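The structure under discussion appears below in the form of structure tokens.
The values are calculated or read from the model by the stated rules, or taken from the named source; none is laboratory data. In this text the structure is predicted, and so the values were computed from the model without any measurement. Cβ sites come from the backbone with ideal geometry, for glycine too, and all protein chains shown count toward neighbours. Calculation scope for accessible area: heavy atoms of the full protein, side chains included, ligands and nucleic acids excluded. Shrake-Rupley method; radii C 1.70, N 1.55, O 1.52, S 1.80 Å.
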Amino acid sequence: MEGKAIIFSAPSGAGKTTIVHSLLDRIPSLRFSISATTRLKRPTEIDGRDYYFLSIEDFKSKKESGELLEWEEVYTDTFYGTLRSEVERIWADGNHVIFDVDVKGGKKLKEILGDKAISVFVKVKGEDVLRERLQMRNTESEEVLNERVNKAAEEMREEVHFDKVVLNENLDVAIAEAENIVKSFISN
Ligand code: 5GP
């Protein structure tokens, strides 16, 4: 079996991470690409499961040695990047890789991986919904929250660059739709 890549991108707060986790539970041949980040770890997160939490110096050295397939300064002074080693390991084990990345990173990964990849954009109906969801999560300061909402509003315009769009109005419906998209892509 040839390994494929599933790219999930969305404005922050659109529910992409929840959808990606449900897909990992439902589709046994999928493996999550654990990104590197310089963001602080949230209390519920585990280093090496959710992210590899790195210092800025360590992140820079990975970037300079070509260990990152793509990277972005997603928020001011906060870097995120996809490790080549994740993709190689997952494919070598005979699995498909799934990415949870920002919109720019999603476009970049699709360019790099071409037909081996499908890019899926998760969207919600309006900016208000995003703000509400981000506020409910309550993990960020007001300043960070505002930056996230502004960035999310900008990212909403990028859906045309993706292979598929999933509207997340009702989570169960969105998950079922995402599952169909991924299953049909990996079975071809
Ligand atoms: P969070 O801080 O909420 O975990 O993630 C913030 C944003 O960074 C999300 O949109 C997430 O998908 C994105 N992100 C996570 N890992 C990567 C990565 O490796 N590359 C890029 N470009 N974005 C990432």
Q) Hey, does the stretch 132-147 have a residue that's closer than 30 Å to Gly66 by Cβ and of a type outside the set (Ser, Thr, Tyr)? A) yes
Q: Inspect the stretch 19-41 for any residue being near the ligand (Cβ under 9 Å from one of its atoms) and exposed (fewer than 14 other Cβ atoms within 10 Å of the Cβ) and give the result as yes or no.
A: no
Q) For Ile118, which of the numbered conditions (1) at pLDDT below 95; (2) in contact with a helix residue (DSSP H, G or I) (Cβ under 6 Å, 6 or more places away or on another chain); (3) more than 12 Å from the ligand (Cβ to nearest atom) fails to hold? A) (1)
Q) Does Arg148 satisfy the criteria of being open to solvent by 90 Å² or more (accessible area, probe 1.4 Å) and among the basic types (Lys, Arg)? A) no
Q: Report those strands (runs of 3 or more DSSP E) wholly inside the stretch 60-109 carrying at least 1 residues which are more than 9 Å from the ligand (Cβ to nearest atom), surrounded by 20 or more Cβ atoms within 10 Å (Cβ to Cβ) and acidic (Asp, Glu).
A: none
Q | Counted residues, the stretch 110-139 - those being over 20 Å from Ile181 (Cβ atoms), open to solvent by less than 40 Å² (accessible area, probe 1.4 Å) and of a type outside the set (A, V, I, L, M, F, W, C) | A | 1
